[in-house]
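None of the figures in this text is laboratory data; all of them are computed from the coordinates on show. Everything numeric here is computed off the predicted structure, so don't read it as measured data. Neighbour counts are summed over all protein chains in view; Cβ atoms, including those assigned to glycine, are modelled from backbone coordinates with ideal geometry.
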Amino acid sequence: MTYLTWIVAIGTSLLGCVAGVVGSYAVLRRRALAGDLLSHAALPGLCLAFLLLGGRHFLGMLGGAFVAGLAGVALVTFMCRWTRTKEDAALGIVLSTFFGAGIMLSSYIQNMPGGGAKAGLETYIYGQAAGMIREDIYLLAVVSVLVLVVLVLFHKEFKVFSFDPAFAQAQGWPTLTLDIAMMGSLTLVTVVGLPSVGVVLMAAMLIIPAAAARFWTDRLERMLVLSGVLGAVSGAIGSLISAGAVKGWLGFDPFGGDEGANLPTGPVIVLCSTTVFLVSVLLAPQRGLLARSWNYFRLRAKTADENLLRTLFECAEPRLPTLVTVPWDELLARRAWSRARLFWVVRRAGWRNLVRRAPGGVQLTQRGLEQARRLVRAHRLWEWFLIHGASIAPDHVDRDADSIEHLLGPDLIAELENRFIAQRDASNAAQVLPNSPHELNVP
Amino acid sequence: MEWFNHLSLDAQNDLWVIAVGAMTNTACALVGCYLVLRRMSLLGDAISHAVLPGLVVAFVFSGSLSVVPMFVGALLVGLLTAALTQTLHRQVGVPEDASMGVVFTSLFALGVILIKRYAHRVDLDPDCVLYGLLEFVGFNLIQIGPYEFPRAMLSVGLVLALNTAVIAIFWKELLISSFDPALATTMGFRAGLVHYVLMALVALTTVASFEQVGSILVIAMLIVPGAAAHLLTDRLSRMLGIATGIAIGAAVIGQAAAVWLNTNTAGTMAALAGIAYLAAALGSPRYGILAVLARNFASSIRVVREDLLAMLYRLEELNIERAMGWPEAARAVGGGLLPRLALFSLKRRGDIRRDGAVLRLTDSGRSQAKLLVRSHRLWEAYLVQRLGLPPDHVHEPATRMEHYIDRGFQEKLADAVAQSPLDPHGRDIPQSD
């Protein structure tokens, strides 16, 4: 671990942090690709500033990039408003033609007689984080503090504006100024990050930590902090990996670079945040894939259980309270289940003592009967409601009730029951369980 | 080909650059039209960045620069990009732009790392990925039969032919599914399949163009000619034609300008395509900004002109002989530049004339004014009688509406309020001549 390694690690984590925070707003406002646009559009600004200032004047070039980036964003807005070009095409047009002009200018500069090649403009395209020096960190720190102070001071305004711009406008807030302030901070961060991570990967630093943070929380404040932290951590780890620090700690190089060549810093940082993103996609508590598949699986299992119970109940209903044994073939005919699935569902219900196997078939237990009665009641109450409340023909209600009976909550069932009791007709007078409105084909 | 061999080497190279550039641009522009129409331009951008790792892996496995593995690699990664973006968006709920951004930047980063990692095995320079080596296509010739032509032309020509063929064969399917996906689905076309066929074409086009022109020109050529052509026409066939024209024009002029400025050809072509778009955005007869501004201006000046005529008619009606200079008349209808222009245009049309210090209507001006005032008062009467608005609430709406009531509408209104020849304020409703 050398001094230079630490400089780069600190610099990239600062950049990752502030990019993650401003990127969150861009992701939330569905402007994620604005970062991509900004970083491409900044190139001609850099080159023009170089030509106008007659040399590599660092702050001047950053200024040029800033102006060109903002001009690109303004142009996209203008094109969307004044022509029939849609936003996606407008973004692509500005991005590619600005970048094309930038490439044109930069190779013009490089071909200029008299040392134009020293411009070093090509470092802006892929970035050179390893070339960071102490002054770069000061600049990054100043920009980060500036941007964070603006975001904290105008937190309420930015929050409202991001989620409900119409409301912000109705409040009489200067929405255009807010928009420019947001885009301005995004541009500032992009421009400062360009020399380190380059054009394409700067967009990644803005988007990926924010998209990952979004999985873990629904609160803006938490998302901002989390996104900043994820960005910073990816920046630090990525730069350490690329500097070979991991090799130093482990004693061997897990990434096996060619000819001792170090991996490029920018891409490694991006892949670190991609890893974090993938972990979030999989593991996040509510939005994550695992959580969602688990919920889906549980719902399916519950639906299957309830369908089994209801089918058993309907077959047994005429001879209650005797619990009849329903033959396997009868169950198979009534549900679109394969034999294996039926056995599996019965076995699961058996574990919870809802049904028991009897010779030649399946039988409800007392406990299963109670639960089945509740289910059938929900099903028939809903059918009754559809027929009497929504005027749907009796032969059309079974399917609808089928799909919703698993989701009816206790409140809703109680409400339906009250209405049913209040309005039940003579044929149902003494019942709490309505008759089925259609033929059940009981064996 | 005799004449060609007599040219200097530089001129020969220039011609090859133009030819390869024009073919690449056309191949991109053809697919690009559909991307623009289907609002998937950015997927083109994403795929052209994301195919990088596919290329590298293909290089590493095949150990050569041959065309087939390169195409296969790019095709797989291109489709992977499209599929991943869609999965993240649909199944995981990431917003579409963010999911695209995550996927293509990650794949691009992976590609850059792979290039560095296998640097000794991959003859692929990250810089040339971005801006290509179009300048040098003329130095890498291959011989097939009696003809000698740039190696680049082989892959680019293949893709151009493929794009043209797919568009020609599936013209109807692409057309319907681009403009009305729901209709396409009901007619039994598989809109999803069309989507992935397009994505495959984009990936192939991108990879064929990569080496020669670099990814940035690919993006520009995918999106810009199509978007420019979309501003100029409403017919798909013409849109493809115009886009092709822009693509070829950018290649020819781009190479000339690049030689003249001693700079990068691909970048110049991209910038030129941007200029073509700008020209279309400004100058398109129907959708151009200038045309829109001109239409807005024509409609505002018509309103002001009519207001002036109506004002003079009302003065005449009240028998007010009032000295009125131009500035005063202009102030009476709001002031500013527009009323002055309107006065000038009325004078030139012979609708008003100056009689000493008084502005008067000519006969033609009077009959126009009469119609307008008739519209105004009929509308007022209608609002009061039929819609039951109070009489002091109808003047304002009528001043706006009067400019948009034509003859037929006037007759209908007159029928609806026939019983009364007076407007709600007790003035005569003038009869039409």
Expressed in angstrom and rounded, the centroid-to-centroid distance over alpha carbons for segment B:312-360 and segment B:37-98 is 67 Å
How large is the dipole of segment A:3-287 about the Cα centre if only Lys and Arg carry +1 and Asp and Glu carry -1, each at its Cβ, rounded to the nearest 20 debye? 540 debye
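Could you put A:Y3, B:Y313 in order, starting from the residue whose Cβ has the fewest other Cβ atoms within 10 Å?
A:Y3, B:Y313
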Can you work out ³J(HN,Hα) from phi for every residue in segment B:383-399, in order, using Karplus 6.51 cos²θ - 1.76 cosθ + 1.60 and θ = phi - 60°, giving whole Hz and x for Gly and Pro? 4, 6, 6, 8, 9, x, 6, x, x, 7, 10, 9, 5, 4, x, 5, 5
Can you compute the helix-only [θ] at 222 nm over chain A? Use -39500 (n - 2.57) per DSSP H run of at least 4 residues, normalise by all residues, nearest 500 deg cm²/dmol. -24000 deg cm²/dmol
May I have the extent of the alpha carbons of chain A along their three principal axes, as whole Å values ordered from largest to smallest? 103, 61, 36
Among A:C272, A:C80, A:C17, residue whose mean-square fluctuation peaks in a GNM of chain A (springs only between Cα atoms under 10 Å): A:C80
Interchain or sequence-distant (5+) residues whose placed amide H lies within less than 5 Å of the amide H of A:V355 are A:G350, A:T365
Please compute, for peptide B:86-93, the average count of beta-carbon atoms on other protein chains lying within 10 Å of each residue's beta-carbon. 3
Work out the charge dipole of segment B:260-393 with +1 on the Cβ of Lys and Arg and -1 on the Cβ of Asp and Glu about the Cα centre, then indicate which of B:L272, B:L378, B:N319 is farthest towards its positive end. B:L272
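Which order results if A:I125, A:I413, B:I169, B:I219 are arranged by neighbouring Cβ count within 10 Å, fewest first?
The fewest-first ordering by Cβ neighbours comes to B:I169, A:I413, A:I125, B:I219.
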If I histogram all Cα-Cα distances within segment A:43-194 using bins 10 Å wide from 0, what percent of pairs lands in each bin? 10, 31, 33, 20, 6, 1
At what distance in nm do the modelled label points of B:I275 and B:R238 sit from each other, each positioned 7 Å from its Cα along Cα→Cβ? 2.6 nm
Treating only the Cβ atoms of Lys and Arg (+1) and Asp and Glu (-1) as charged, compute the dipole magnitude of the protein assembly as shown about its Cα centre; round to the nearest 20 debye. 1420 debye
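Can you bin segment B:366-416 into rounded, prolate or oblate? Criterion: square roots of the alpha carbon gyration tensor eigenvalues sorted a ≥ b ≥ c, rounded for a/c under 1.5, prolate for a/b above b/c, oblate for the rest.
Note, shape of segment B:366-416 comes out oblate.
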Wrap a convex hull around the Cα atoms of segment A:265-336, take a quarter of its surface area, and give that in square nanometres. 7.4 nm²
Multiplying the sequence separation of B:A168 and B:L154 by 0.36 nm and subtracting their Cα-Cα distance, what value in nm do you get? 2.9 nm
By count of other Cβ within 10 Å, fewest leading, how are B:S41, A:S280, B:S345 ordered? B:S345, A:S280, B:S41
Springs between alpha-carbon pairs under 10 angstrom, Gaussian network model over chain A: which of A:P44, A:P165, A:P359 fluctuates most? A:P359
Helix B:41-62 sits at what angle to the longest principal axis of chain B, using alpha carbons and giving 0 to 90 degrees rounded to 10? 0 degrees
Evaluate 2.2 N^0.38 Å with N set to the residue count of segment A:323-392, then give the Cα radius of gyration divided by it. 1.32
For q = 0.06, 0.11 Å⁻¹, Debye-computed log10 I/I(0) when each Cα of chain B counts as one equal scatterer: -0.46, -0.84
If one takes the longest principal axis of the Cα atoms in chain A, at what angle in degrees, from 0 to 90 and to the nearest 10, does the Cα axis of helix A:134-153 lie? 50 degrees
Dipole of the protein assembly as shown, positive end: most advanced residue of B:V36, B:V202, B:P421 [Cβ charges, Cα centre]: B:P421
Kindly identify segment B:262-347 as rounded, prolate or oblate by the Cα gyration tensor criterion: order the square roots of the eigenvalues as a ≥ b ≥ c, call it rounded if a/c is under 1.5, otherwise compare a/b with b/c, prolate if a/b is larger, else oblate. prolate
Taking only pairs that are 8 or more places apart or on different chains, how many Lys pairs in the protein assembly as shown have Cα atoms under 25 angstrom apart? 5
Could you tell me which of rounded, prolate or oblate describes the protein assembly as shown, using a ≥ b ≥ c as the square roots of the eigenvalues of the alpha-carbon gyration tensor, with rounded for a/c under 1.5 and, failing that, prolate when a/b is larger than b/c and oblate otherwise? oblate
Taking springs between alpha-carbon atoms closer than 10 angstrom, which of B:M187, B:M221, B:M153 fluctuates most in the Gaussian network model of chain B? B:M187
